[in-house]
Each structure stands twice: as structure tokens, then as C-alpha cells.
Amino acid sequence: MRKAFGICFCLFLLVGTQAQEVSLPEDLRQHNLTQFNASLLNPTYSYDWNRPHAASFWSRWQWQTIDGDPTTLFFSYTHKLSAASTIGGGFIQHNTGTFLNTGGLLNYTHAINFDPNIKLLLGANILGFQQELADDRFMPNPDIDLPVFSETNDFLLQFTPGARLLVNNFSVALALENAIDINLTDSDRDGLGSIFIGALSNDFPVYLSEGLGNSFVRPLLYVKTIPNADTQIGLNALFSTSKFWFQGGYNNFYGPSLGLGLTFFKHFSVGGLMEFSTGDDLDGEDSTFELLVSYHFGKAKPDQEVESGVEEEVKLADELPKVEEEQEEQDEQKRQQEAERLQRERDSINQALAEAKQRQVQDSIRRVNAQQKQQREQDSIAMTRQKEADAQREQKRLDSIAKLQQQEREAEALREQRRLDSLAQVREKEARAIIEQRRTDSIAELQQEKEQAEALQKQQRADSIAEQQRKEAEALREQQRLDSIAKLQQQEEVEVKPGEKYEEVTRNEDGLQPGFYLIANVFGTKKYFDNFMKTLQEKGLNPKSFYRKLNKYNYVYLERYDTVEEARKARDSKFNGKYPDKTWIFRVRLE
């Protein structure tokens, strides 16, 4: 086995050296599927990795943005037909960033037994989907020639065969995605091309406890070749139990990943995975998030539990002595149980007699207590009536005292009111004199403030007129200067040099100020425009922009100049060495 593993490993490394140009692949990005839905990685994994009689959902959000970025959703159900074959189907939606593919998938796997420890698994995936553009908001750079995709919606049919050699717990798996790619729509669009996937894995049993079931560790080494993209090489490791699992891995393009999951009530499983973009090719991209949910509808018997009738008979013959011994033990237990039952009945009768005697004594005690309680109640009633009579007499005495106190308070209040009225008359006279004096002082102050306000208003009016005249004179001089420059620019005819990018428009088009604009870039998408402006600002530049309604583009320029010589000088000097990238001149004429 070690020799076979070494030969296959060398073959995979040889294939993996065929590197392509770095770009975002359009594959299904299913390299982390090792616990559920693994049939998307290789059709034969539905035989044992998908856990037959289970429905599973898998989703992947590339860089954690649910928009035009690559996103994949896959829902599938796997059913075990027999000990040698499984079948499955599901729904898939795959956003490559350029195309949105929506459709269904059928899976079938059959096992061929060469030996109790050696199997050959053959399987296939048939994928049919509708393909349409995922995002048509991209505005290409005018200086870069890019292919233009048509807006035709195509229905594609793809066939993916797979094979796996299983020796004990070691397996070698091969798959060829898109081996047959048929476009059922009348369209000239070319297919993606075939994708080769090779994988080596081995399950190492691990015993933790009986409650965690058949635990195992599964390392997986895979190689994936994609047309027009770099070859992917990755390593995954899965630690799985009946209640939880951990998963980690690394892909040379997408980066490292880490995930975990839990199983509830032996049937429902849920897990998640994070993939981190650490390579230079994906610099600036956020992490990728994957979610996995699965429900197991029943307990399927593994192949190891399928035995012949002869083996069953041998087992029964070996177990007959054990059954006789167990029968004798059961008879002895029944005899002991019967003796214990009789003893419990005798004890119950004796206890009933003792309880009857105890109840007679308790009845006598209750009668005596009832007589004593009745006497106490009669004494309590008599005492209560006596207290009520005493309370009535006390209340009458208190009412008489309160009435006398109320009359005394009323007399005192009348005397106090008369005194206060006398004081109020004296204070009222004093207040009238004070109010009259304050009124006289207030009239004088108001007259003085009015005279000051009128003088201040006159001064402010004079200052305002002078300031307005000054501003109008400055505006007139500025307008004369701009008109002079505009006339010179209008008369100036620019001779475009060979290889020079130059464009002219009139001022009336968007109300722009006449002059020569040094353009750095043009955007049709708000997202890319904001990112470019932020990048220039971080470099210490002060970029400006304007929007043209004619073509709905945002133009980013570094500076506006009055003459073409000044603009060309700034362009040729790379904006005085501050902006090393390519720029061009955009002129706005007066009319």
C-alpha cells in the first residue's frame, strides 16, 4: 500500500507542475467538501462519504459578499439502492462572477467487489443548468481589449465520470469534470473545458469513547487542473465523530481553511467553515464563508454488516449454549422474585394492623383538641366584643378633642389673615411707587437703545454697500480674465500628436469650466470609481472628478490647465513624478 501511495503521489505532483496564468477559476470550488455533499468533488464519494438516506445543503460565499462575487448553493439527497449502488439528485446554483448557472444534478455510483478488502467504485454526475450573465455592470477600460459576452441565455448539459479504487481504508479517486459538454441552445458560446481532479485519502480509525461512535481521521491530498487557470494543489484533514467534527486544509490558490460542525439527536448536523485569502493573487479580498446543513433520515447498514446465510447459521450454533445458560439464570431470578413478593405481602398486613391502632389513638387526640379549640374560639369572641366597645368610647373622646382643636385653629387663622391684609396694603403702596420709577427709567433706556440701533444700522448698511461693490469689482475682473483665457483657448487649435490620446467637447455639454483636463481613469461602475479615488488619496494626491450624462461615465482627473502645453508637460512628467500610471488629455471648449 505504501508503494502504491508513493507512485500516485509522484504522478499528482507531476500533473500539478502545469501552472497557468493567475486568474479567478470558474470551477465549482468544492475542494472543502469531505464530510457531506462530497459527490460534487468526485461522483463516487456518494457511496460512503455522503451518508446515504440523507439530505444535505451546502453554500459558499466567496469573499463574504452576497452580490456579483462568486457564490455557490447546492442541495442534494443521496439514497442507497443496495449494498453495491447509490443514487442521488439535487439543485445547484453557481455564480462564477461572470455567469450565473442554475439547474439540477443527478448522481449514480456502483461498487465492484474484487476482494473483501478491495473495491472499484464507478460513478457519474449529470449536470443540466441554465447559464446567463451574472453581472452586466462592468465597464471596460478603453485602453484594454477585453472579450465581450453576448446576453444569450444558454442551457448546458455536462457529464462528469469518476472512479475510485478502495483498498481497506485507502482510496485513489479520479474525476473528469465536463468530460462531455453539450450546449442545447442555438449559441456559439464555447464551453469551459474539462477539469481533472485526482485525490488520495485514507481513513484512520480513532477510539475515544462508546458515545462518540466510529471516530476517524481522514487526510486528503488532491490535485485539480483547470483550463486557463493555475493548477490547484491542496491538503485537507477531517476528524469526525458521531457528535462533532473538525476540519482544516490548505489550497495553493484560495489559502488555508478551518471548519467545525455538530450533530444533534444522531440525525441533524450543522457546520461552518472559513477560508482565508493569504496569497498575493487574492490580496485585498475578504475571507470566504461556507455553511453546511444535513439531515439523516434513517440508519443504513454498511457493507461490513451484510453477511451470508451460512455465517448467520454459524453464529446461531455458537450462541445456543449461551441461550441455555441465560434461561437457567432467568428461572432462578423468577423464583427469587416470587419469594420476595410473598415477604412483601406479609409485611404489608402487619403494617396495616399497626396503622389501624395508631389511627384510633389519633382520633381520641383529635376529639380533645376540637373541644379545646371550641372553648378558645368562644373566649376570643367575647374578648373581641369588649375591645370593640372600648374602641368606640375612645373614638368619641378623640372626636370631641379634634373638634375643639379645629375651632381654635380657625380663630387663629382669622387673626392671621387680618394681619396679613394690613401688611399687604402697605406693601402694595410701596410696590406701586417702585413700578412707576422703573417705568420711567425703562422709557429712557429704550430711547437711548433705539438711537444707538439706528446709528449701527446706518453704519452696517454703508459697510454692506461697500463690500458688495468690492465683490462685484473682483467678480468683473475674474470674469474678464476667464473670458480672455477662454477666447485664447477658443482660438487655439490643438494638433494631436501621433499616438497621443486626446478628446474635445463643448462647455455646454455638462457645464464644465473650459480648459485641458489631465484624465487618470474613467469608470462606469460606482464601486470601482470609489475604490480608485480612495487609492489616489491614500497616495497623497488630490484627485477630482466630473460626470458626463452623454455616456454616464465618471472621469477622474488630476488637474485642469489653461493651455495644452501645460497639460502635456504634466502628462509627460508623470504629474511631476507623483502619478506613474498612464494619463490622457480631455479638452472642454467654450462653445
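Quick rundown of the values:
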item: Some residue of segment 502-516 being touching a residue at least 24 places away in the same chain (Cβ under 8 Å), assigned to a helix (DSSP H, G or I) and either of a type in the set (S, T, N, Q) or in contact with a helix residue (DSSP H, G or I) (Cβ under 7 Å, 6 or more places away or on another chain) (or both); result: yes
item: Residue identified as of a type in the set (A, V, I, L, M, F, W, C) and at pLDDT 90 or above among PHE12, PHE74; result: PHE74
item: Among (1) modelled with pLDDT under 75; (2) open to solvent by 100 Å² or more (accessible area, probe 1.4 Å), the one test that VAL306 misses; result: (2)
item: Residue within segment 539-561 that is surrounded by fewer than 16 Cβ atoms within 10 Å (Cβ to Cβ), part of a helix (DSSP H, G or I) and free of Cβ contacts under 8 Å to residues at least 40 places away in the same chain present; result: no
item: Scope segment 231-244; condition part of a strand (DSSP E or B), farther than 17 Å from THR288 by Cβ and open to solvent by less than 40 Å² (accessible area, probe 1.4 Å); matching residues; result: LEU238, SER240
item: Residues of segment 245-267 classified as part of a strand (DSSP E or B), open to solvent by 50 Å² or more (accessible area, probe 1.4 Å) and out of contact with any Phe, Trp or Tyr (no Cβ under 9 Å at 6 or more places or on another chain), total; result: 2
item: Qualifying residue in segment 275-284 (condition: open to solvent by 70 Å² or more (accessible area, probe 1.4 Å), modelled with pLDDT under 80 and polar (S, T, N, Q)); result: yes
item: Residues of segment 68-127 that turn out to be outside any strand (DSSP E or B) and among the β-branched types (Val, Ile, Thr), as a count; result: 2
item: Filter pass, ASN576 being among the polar types (S, T, N, Q), at positive phi and open to solvent by 20 Å² or more (accessible area, probe 1.4 Å); result: yes
item: Segment 443-483: number of residues that are among the acidic types (Asp, Glu), under 60 Å from the mean Cα position of the chain (by Cα) and either open to solvent by 100 Å² or more (accessible area, probe 1.4 Å) or closer than 30 Å to PHE516 by Cα (or both); result: 4
item: Residues (modelled with pLDDT of 90 or more and of a type in the set (Val, Ile, Thr)) located in segment 80-101; result: THR86, ILE87, ILE92
item: In segment 493-536, residue surrounded by the most Cβ atoms within 10 Å (Cβ to Cβ) [restricted to those that are more than 48 Å from the chain's Cα centre (by Cα) and not charged (D, E, K, R)]; result: GLY515
item: Residue list for segment 197-215, restricted to those being out of contact with any Leu (no Cβ under 6 Å at 6 or more places or on another chain), more than 13 Å from HIS31 (Cβ to Cβ) and surrounded by 16 or more Cβ atoms within 10 Å (Cβ to Cβ); result: ASN202, ASP203
item: ASN228 being surrounded by 17 or more Cβ atoms within 10 Å (Cβ to Cβ) and touching a residue at least 40 places away in the same chain (Cβ under 8 Å); result: no
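Every residue, every condition in (1) touching a Gly at 6+ places or on another chain (Cβ under 7 Å); (2) on the phi > 0 side of the Ramachandran plot; (3) free of Cβ contacts under 8 Å to residues at least 60 places away in the same chain, yes or no:
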position	(1), (2), (3)
PHE170	no, no, no
LEU176	no, no, yes
PHE204	no, no, yes
LEU208	no, no, yes
SER215	no, no, yes
THR241	yes, no, yes
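The values are calculated or read from the model by the stated rules, or taken from the named source; none is laboratory data. Here the structure is a predicted model, which means the values were calculated and not measured. Using ideal geometry, Cβ is built from the backbone for each residue, glycine included, and neighbour counts are taken over all protein chains shown. Calculation scope for accessible area: heavy atoms of the full protein, side chains included, ligands and nucleic acids excluded. Shrake-Rupley method; radii C 1.70, N 1.55, O 1.52, S 1.80 Å.
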